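Comments concern the structure below.
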Amino acid sequence: MNFEERVHMFEYKLNDTDDQIIEYILQHKKDFIHHSIQTSAAALYTVPNTITRLSKKLGYDSFSHMKNSMKDELQAAQSEEHLSFAFIKKTYDLLDAELLGKLARNSFSLSIRSNQAKTVLIEK
C-alpha cells in the first residue's frame with residue numbers, strides 16, 4: 001500500500017497538523033525522502049515526535065520505514081516510467097511510416113466521401 005493510499009485509509013485518525021505535514025510531504029516528495037526527521041520537522045515548524053506519530057498513524061513502524069517506503073515508491077514509479085517509454089519507442093521503431101501515411105490518407109479520403117454521402121442524403 002503506497003503513501004497516498006495509507007493517507008486515505010487512515011484519514012479518520014488524522015488531525016489538522018497531520019494534514020499539513022502530509023501536504024508538505026506530497027509537495028516535496030523527492031526532497032523529503034533525503035531529509036532527516038529533524039530537517040523535515042524544522043521545515044514544518046514542528047517537532048520530530050509529531051512526524052513520528054503521523055508515520056505510526058499511517059501504519060508505518062517508524063519515520064524511517066515511512067521514508068524508505070516512499071523512496072521505494074518513487075523508484076518503482078521511475079522504473080515504470082522508463083519501461084513505458086521503452087515500450088513506446090520499441091513500438092515506434094516497428095512502425096512502417098510509409099504504410100501509416102497511406103492508411104492516414106485513405107482514412108481521410110473515406111471520411112470525406114462519407115461526409116459527402118451524408119450531405120447528399122440530407123439534401124434529398
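The values are calculated or read from the model by the stated rules, or taken from the named source; none is laboratory data. Since the model is a prediction, treat every value here as computed from it, not as a measurement. Here the Cβ positions follow ideal geometry from the backbone for every residue, glycine too, while neighbour counts run over all protein chains shown. All accessible areas refer to the heavy atoms of the entire protein, side chains included, with ligands and DNA or RNA removed. Shrake-Rupley method; radii C 1.70, N 1.55, O 1.52, S 1.80 Å.
Details
- Hey, Ser64 in contact with a helix residue (DSSP H, G or I) (Cβ under 6 Å, 6 or more places away or on another chain), small (Gly, Ala, Ser), surrounded by 10 or more Cβ atoms within 10 Å (Cβ to Cβ) and part of a helix (DSSP H, G or I) or not: no
- Here Asp18 passes the criteria (1) open to solvent by less than 40 Å² (accessible area, probe 1.4 Å); (2) out of contact with any helix residue (DSSP H, G or I) (no Cβ under 9 Å at 6 or more places or on another chain) except the one numbered (2).
- Residue count for the range 1-22 satisfying the condition of being within 14 Å of Met70 (Cα to Cα) and out of contact with any Leu (no Cβ under 6 Å at 6 or more places or on another chain): 7.
- The range 5-24 residues that are under 16 Å from Ala42 (Cα atoms), paired with ones that are among the small types (Gly, Ala, Ser) (beta carbon under 9 Å, 6 or more apart): Ile21/Ser40; Tyr24/Ser40; Tyr24/Ala43
- Test result for Lys30, open to solvent by 70 Å² or more (accessible area, probe 1.4 Å), under 20 Å from Asn2 (Cβ atoms), in contact (Cβ under 8 Å) with a residue 12 or more places away in the chain and charged (D, E, K, R): yes
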